[in-house]
Amino acid sequence: SGSDVLFQLIETLWLRFGPYMRLLSNHVAPLMRAGTMEPSGRHVAIIAALKDKDFARARYEVVADITATQMTLRAICPDVPEPRTVDFTGFGKAS
């Protein structure tokens, strides 16, 4: 989109999430090699939905991707507290 704010937001999130991704990648690499986990996860579906301007589908895929990653991390780090419940109802929808 060319938005400086969006770029900064993505960069900040990426830098904060990087250590978790490194931890996660060490555990999921064998699953990917075995073919039991898709390397791109839902990213291909997210991009396709955005190209189609199907924002409801893109939103669904993003939430599903985040949830799947969270569940994988919870399996790796079982001693963390239960996650907060986040209500995504209305998130990303025009007012």
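Structure summary
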{"read-out": "In the stretch 17-31, the residues that are more than 16 Å from the chain's Cα centre (by Cα) and among the hydrophobic types (A, V, I, L, M, F, W, C)", "value": "Ala29, Leu31"}
{"read-out": "Residue count for the stretch 1-50, restricted to those that are outside any helix (DSSP H, G or I) and among the hydrophobic types (A, V, I, L, M, F, W, C)", "value": "1"}
{"read-out": "Of residues in the stretch 51-95 being basic (Lys, Arg) and at pLDDT below 75, the one nearest to His27 (Cα to Cα)", "value": "Arg84"}
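The values are calculated or read from the model by the stated rules, or taken from the named source; none is laboratory data. Values in this document were obtained by computation on a predicted structure and should not be read as measured data.
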